[in-house]
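The values are calculated or read from the model by the stated rules, or taken from the named source; none is laboratory data. What you see is a predicted model, and the numbers here were worked out from it, not measured in a lab. Note: ideal-geometry Cβ built from the backbone for every residue, glycine included; neighbour counts use all protein chains shown.
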Amino acid sequence: MNKRVLYFMPDNPLKKTAGNNIPPLKLLQYFKDRNIPVDFVSEYHWGEWDEQKIQTFKESGIANDLYVLDRKPYKKTNKLRYFFLHKLPALFSVNKFGIIPPAIPDNVTPAMRKAFNMLLKQQEYGYIIISYVTWANLIKHNRYATTAYKIIDTHDFITAQVMDRKGFRLGKAFEEEVKRLDMFDESWCLSIEERYIFSHFGRSKQRLGLPIFDNVRLPAVEKKYDLIYIASENIHNRRAAAWFFEKVYPLLPSHLRICLIGRINHSVTGQYSNVDRVLFAETLEQYYAQSKVAICPMLSGTGIKIKTIEALSFGLPVVCNTKGIDGMPDKSRNGCLVSDEPETFAAHIMQLLTDQHIYNQQQQWARETISMFFATSQRYNTLDQVFGVKGEH
């Protein structure tokens, strides 16, 4: 069977500004380790690509080839051509009347689909992987994709993500999401809860596609920080950061040292004398090594929380909300202390910082969780079943 993979992910997996880029990079590494040829396809604006980033990706050798498509060509260079070749076809592709928007977002434009089809015409693929249901229509009624084994990597439960939008209708949205999943032979879910839901309503094969993480032994260095908090700047992280600094932070002793890393710093506008801010870190290992406890506040959002798993992989106990353990196979003995109440959240933090026995127990459970569910050997075995590979890592 043809093993060549076409892997579509709108973002750039080499970007280090968001946790959602970690699983795609680990998947590309799997293909490289297993000598499976893979062509990576992305979207120009979504991935914030430029010539330098394209060159860096190609030089990394993480994929056989890279194709960066533009869903809105000519928007800046030729307004008239943009209108007739993109805007007008996009308007009437919504439905036959061109007036009713889809129940959940559809990011595929006629221009994007045309460019994608050109790739399928010039190269035959044994597997096609599409990331996110919002891009699923790249293969809808696609005569160039009939022979390939088609996989949707869901990443998120889109119906839940758009519930706050004006005109949202739960039945229509969920029905549309399931229909898109059913266009594929197999669906990968990052969350055990989402796999459970889709397995009861969808016809495609459901597989738990947990991200790949291994236990990291950190160097023994001075613990400069009591808490480490890493987050990008999306709506869910902004809500969570506001909750933490408004509700929990005032309950903590002022002598605690907190390291705040990531674009979330843009949204945390208050002045906090005990908070060290790092807008961007090329590598996080040194900061995890200098920290005692990780916090992952999260009040909304879907799917597994990558920053929770990442912190556990570095051997740090985590304090989080209920949403922070979404998707995790084990909800209790996993290295996380969980609460949605500010007082208890703060108490969990202090408990870990003052009780060495509890700290050691949570740290042990963190390492066991990574070994049991997320380790490279575990995840590679699952992927080997998908791609018909027999090998050892």
Per the filter on segment 140-161, residues buried (at least 16 other Cβ atoms within 10 Å of the Cβ) and part of a loop (DSSP other than H, G, I, E, B) are Asn142, Tyr144, Ala145, Ala148, Thr154, His155, Asp156, Phe157
Any residue at all in segment 195-202 that is of a type in the set (S, T, N, Q) and surrounded by fewer than 18 Cβ atoms within 10 Å (Cβ to Cβ)? yes
Please enumerate the residues belonging to segment 238-292 that are acidic (Asp, Glu) and within 20 Å of the chain's Cα centre (by Cα). Glu282, Glu285
Whether any residue in segment 115-132 is within 14 Å of Ile104 (Cα to Cα) and polar (S, T, N, Q) is what I want to check. no
Which residue pairs have Cβ atoms closer than 6 Å, lie 6 or more positions apart in sequence or on different chains, and pair a first residue in segment 1-21 that is on the phi < 0 side of the Ramachandran plot and in contact (Cβ under 8 Å) with a residue 60 or more places away in the chain with a second residue that is surrounded by 21 or more Cβ atoms within 10 Å (Cβ to Cβ) and of a type in the set (Phe, Trp, Tyr)? Arg4/Tyr125; Val5/Tyr127; Leu6/Tyr125; Tyr7/Phe40
Scanning segment 121-139 residue by residue, the ones that are within 27 Å of the chain's Cα centre (by Cα) and surrounded by fewer than 19 Cβ atoms within 10 Å (Cβ to Cβ) total 1
List every residue pair whose Cβ atoms lie under 7 Å apart, where the two residues are 6 or more positions apart in sequence or sit on different chains, the first residue falls within segment 103-129 and is of a type in the set (Asp, Glu), and the second residue, located anywhere, is assigned to a loop (DSSP other than H, G, I, E, B). Glu124/Asn2
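Condition check ((1) more than 30 Å from Val248 (Cβ to Cβ); (2) in the same structural domain as Phe345 (by TED's automatic domain parsing); (3) at pLDDT below 95) across all residues:
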site: Ser191; (1), (2), (3): no, no, yes
site: Arg195; (1), (2), (3): yes, no, yes
site: Phe201; (1), (2), (3): yes, no, yes
site: Gln206; (1), (2), (3): yes, no, yes
site: Ala220; (1), (2), (3): no, no, yes
site: Tyr229; (1), (2), (3): no, yes, no
Looking at Ala242, Ala220, which one is surrounded by fewer than 21 Cβ atoms within 10 Å (Cβ to Cβ), closer than 17 Å to Leu299 by Cα and aliphatic (A, V, I, L, M)? Ala242
Could you figure out which of (1) surrounded by 21 or more Cβ atoms within 10 Å (Cβ to Cβ); (2) modelled with pLDDT of 95 or more isn't true of Gln290? (1)
Taking segment 324-358 only, how many residues are touching a residue at least 60 places away in the same chain (Cβ under 8 Å) and in a helix (DSSP H, G or I)? 8
Quick check on Asp326: is it surrounded by 22 or more Cβ atoms within 10 Å (Cβ to Cβ) and of a type in the set (Asp, Glu)? yes
Matching option when the condition is surrounded by 18 or more Cβ atoms within 10 Å (Cβ to Cβ) and touching a strand residue (DSSP E or B) at 6+ places or on another chain (Cβ under 6 Å), among Ile304, Ile295: Ile295
Assess whether Leu316 counts as being touching a helix residue (DSSP H, G or I) at 6+ places or on another chain (Cβ under 7 Å) and assigned to a strand (DSSP E or B). no
Those residues of segment 192-237 which are touching a Phe, Trp or Tyr at 6+ places or on another chain (Cβ under 7 Å) and closer than 21 Å to Ile261 by Cα amount to Phe213, Val216, Leu218, Ile228
When segment 110-135 is checked residue by residue, the ones that are within 21 Å of Phe31 (Cβ to Cβ) and part of a helix (DSSP H, G or I) are Phe116, Leu119, Leu120, Gln122, Trp135
Test Phe168 against the stated conditions and say whether it is aromatic (Phe, Trp, Tyr), buried (at least 18 other Cβ atoms within 10 Å of the Cβ) and farther than 26 Å from Phe374 by Cβ. no
State which residue is surrounded by the fewest Cβ atoms within 10 Å (Cβ to Cβ) when the search covers only segment 359-383 and only residues that are in contact (Cβ under 8 Å) with a residue 60 or more places away in the chain and of a type in the set (D, E, K, R). Arg367
Per the filter on segment 35-49, residues under 21 Å from Thr109 (Cβ atoms) and either in a loop (DSSP other than H, G, I, E, B) or outside the structural domain of Glu124 (by TED's automatic domain parsing) (or both) are Tyr44, His45, Trp46, Gly47, Glu48, Trp49
